[in-house]
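The values are calculated or read from the model by the stated rules, or taken from the named source; none is laboratory data. Note that this is a predicted model, so its numbers are computed, not measured. Quick reminder, even Gly has a Cβ in these numbers, built from the backbone with ideal geometry, and neighbours come from all protein chains shown.
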There are 2 protein chains.
Amino acid sequence: MKTASICAIGDEILIGQIVDTNSSHISRALNSIGVRVKGISSIGDDRQTIISHLGNLLKDNDIVIVTGGLGPTKDDITKDALACLSGATGYKRSEAQMEVIERILTRRGIQMLDINRAQADVPDTANVIVNRLGTAPIMEFVFEKGKYGHEALLYSLPGVPYEAIGALDDILAAIQSRFHSEPILHRSICTFGLAESVLAKQIEAWEDSLPEYLHLAYLPNAIYGVRLRLSCYNAADPARKATMDKAVDDLYEILGNYIYGEGGDTLQTVIPRLLQAPPQARHQETIAVAESCTGGLVSNLITSVPGSSVYYKGSVTSYSNEVKTNLLNVSEELLEQHGAVSQECAEAMARGVAILLDTDWSVATTGIAGPGGGSEAKPVGTCWIAAAHRNPDTGQTEVVSRKISSASASREVNMQRFASNALNLLRLLMQQKLL
Amino acid sequence: MKTASICAIGDEILIGQIVDTNSSHISRALNSIGVRVKGISSIGDDRQTIISHLGNLLKDNDIVIVTGGLGPTKDDITKDALACLSGATGYKRSEAQMEVIERILTRRGIQMLDINRAQADVPDTANVIVNRLGTAPIMEFVFEKGKYGHEALLYSLPGVPYEAIGALDDILAAIQSRFHSEPILHRSICTFGLAESVLAKQIEAWEDSLPEYLHLAYLPNAIYGVRLRLSCYNAADPARKATMDKAVDDLYEILGNYIYGEGGDTLQTVIPRLLQAPPQARHQETIAVAESCTGGLVSNLITSVPGSSVYYKGSVTSYSNEVKTNLLNVSEELLEQHGAVSQECAEAMARGVAILLDTDWSVATTGIAGPGGGSEAKPVGTCWIAAAHRNPDTGQTEVVSRKISSASASREVNMQRFASNALNLLRLLMQQKLL
């Protein structure tokens, strides 16, 4: 199996001003063509460090992917380090990349400067892969067997995430045209509603019975719950693939409704699938959201799905009580008697927004994200969520609600937990309809 | 200057299912006490790899921070590797951590299992720092000078981000009690509205005049614009600090209104500061948001600021035209004549939501985030944004609007650009009032 290492270059990563998200996308892409990623690293914008670190990675790996350090500004020195590492004798200009640079600058109304032109120059040892989404060219370096004891490939990608990710298909094609590898197969089962340790106990016997070539990992996350990832090595053997599929079937038996999807599914992407299944599919049912403590996050998650405008009408963020009363028809008496963070308020918000926006489904949140603002009876981390559905036959509305207690001190984590629990409640209500 | 290396452990990182965000927080924290981070790395859940990689890091660094691999489930083997690396002869139970585990499980209504109890066990070579936010204890290992040629410290933190971040103050205190270091000073200037290359050209002469101990870096981001980070090494020398402060003053002269803040400022955190400055401060002015293509993101950014309920009343996500008309009073004629993605619609939305929620300020977005849905006249990436202010003296409303063209193929990036430009337009309108 071919191995790879990924390296992000940039002082901004080492001092913690940006997070390297590219390596994650690149890992996933390499895995998909059967390349095993042995390590991910970040180093600073220092010429000598870059040369020695990349040299070490090339010794230990068949493929090295480098991101970052290719911007037009003076703090970027990766290209020079790569020229040295590959024994270049000079630079050459990529005319194809130059055309992209001209097009991008024209569209943005920016005048072409020398530092923009210089971006099209690459070491004469590099093969250029045109970057269609940005100004910095992608470079391929091929190191013959004599240099590191094995043939090694190095690809240099821009650091800007959407440019790096946009280049991946070209990179994968280039790698595959040079190497052939054994596939690894992954299946990820998305669960929501069980803590990691409880989940582990529940599937303990199943996990213990897995053969050695199946590897299980737990991936907990505030937004999407716990993903269970099953990896099958040397999956070209059809018997192994069959065993893996059987193991996943058994997992569905054990976990039932706690499973909401597979692979890259999220709570927000399964919702349109549920709306398309009968009996909802009789007409295009619609969704509305009412949010207090989540401040727009539930709505943003729903609209992160391309095509969501088909079933999503919109939301009201009723951050002040005045908006809850005036727009969502939550009565002042209710707020006085139960407070804004209450089952009654969440249910009234869910009903109110469905009427206001005239939708079939709705979901609502009202809670205390913190860090301040809690009380003994309603500590920070308390949230009431509600989901509602109007039966198209009877015209009657069913409302369900739950109390969420998040133990986090982080406002962001609490908001994420509240929002994902709200989407999950909507998902469960939809699945109940489908049964 | 003491140096450090940070290592995240977990197969889930190497196959790209999660992004290591902890290392970024840890870097920032170490920097703040004058420790230079030389590298960040991620490796898999493999005992031998962990032992050899951490051994190498300890050879090259004074401090090694490890995250991850401490969960209750079977795929986590970090603790065992650390026992081996540190020459432990057995395990001991941390009673203080046991109390936290009991408290957390009780609060979540989860029954205590053996795998939960085992989390309180640590190698007998470890000093325990209690993790108050989660079940896995934080461990400190001190390696005497004899082992790696210098005294070295290793800290093992849980992988769950809010637990790792929550532990940082304790870790910093532990490091400082053992080492004393030379400070590095950073100042970050937050700009919005200039592309990186244009910004670079504009400050070229200034940048060329910087002394060698001042280092400049450009950090572009879809949400917060381009941050310029100036780093001053050996900043204990007061002359150096003075030179740095003068350089920043000069930068303000050159960039003017393109600068919106410093340090960790974001467009959403500067808004409350602007509201508190005269003449706004005469009464507590308020904000409302109307969103179409950004789907709740602008509202979510505003509410990500603790205390935002003081000035933020709420928002309407008018994802369907029906909601734009019924709630925001955007006339059907306007929509027919100009379309939803138009200057007229954005301005009407901003006016409409300010009236609906009775606020002083408002901001609106309407555009095409993609990937589908564009036309030749209005391609994907087109967005109209508007901001409005009602003059408290005259009662008249001033509305400003701009067209945004984002060249990204990513729905998420486009949404982020639209949202941040909307916040920036609101910021500029507020600053104009202040001039």
* Structure fact -> Checked the range B:256-315 for anything over 20 Å from the mean Cα position of the chain (by Cα) and of a type in the set (D, E); matches are B:E285, B:E291
* To do: Would you tally the residues in the range A:332-391 being aromatic (F, W, Y) and either over 19 Å from B:T303 (Cα atoms) or not assigned by TED's automatic domain parsing to the domain that holds A:V316 (or both)?
  => 1
* To do: Run B:A407 past the list (1) at the interface with chain A (Cβ under 10 Å from one of its Cβ atoms); (2) crowded, with 19+ Cβ neighbours inside 10 Å and report the number of the one that doesn't hold.
  => (2)
* **Selection count, the range B:127-152, where residues are hydrophobic (A, V, I, L, M, F, W, C) and surrounded by fewer than 22 Cβ atoms within 10 Å (Cβ to Cβ)** => 7
* Structure fact -> If we take the range A:139-221, then strands (runs of 3 or more DSSP E) inside it with 3 or more residues that are touching a residue at least 40 places away in the same chain (Cβ under 8 Å) and either more than 14 Å from chain B (Cβ to nearest Cβ) or basic (K, R) (or both) are A:152-157
* Candidates B:S231, B:S197, B:S209, filtered to the one that is crowded, with 19+ Cβ neighbours inside 10 Å, among the hydroxyl-bearing types (S, T, Y) and within 24 Å of A:M112 (Cα to Cα) -> B:S197
* For the range B:4-37, enumerate the residues that are polar (S, T, N, Q) and assigned to a loop (DSSP other than H, G, I, E, B). => B:Q17, B:T21
* Asked: B:E12 fails exactly one of the following numbered conditions: (1) away from chain A (no Cβ under 12 Å); (2) farther than 21 Å from B:D169 by Cβ. What is the number of that condition?
  -> (1)
* Here is a list of conditions, (1) more than 28 Å from B:N321 (Cα to Cα); (2) surrounded by fewer than 18 Cβ atoms within 10 Å (Cβ to Cβ), and A:T394 meets all of them except one; can you say which number that is? -> (1)
* To do: Report the residue count in the range B:81-103 for those that are within 19 Å of B:G71 (Cβ to Cβ) and either in contact with a Phe, Trp or Tyr (Cβ under 9 Å, 6 or more places away or on another chain) or buried (at least 18 other Cβ atoms within 10 Å of the Cβ) (or both).
  => 8
* **Unique residue being of a type in the set (A, V, I, L, M, F, W, C), at pLDDT 95 or above and over 24 Å from A:S362 (Cα atoms) when the list is A:A205, A:A239, A:A217, A:A200** => A:A205
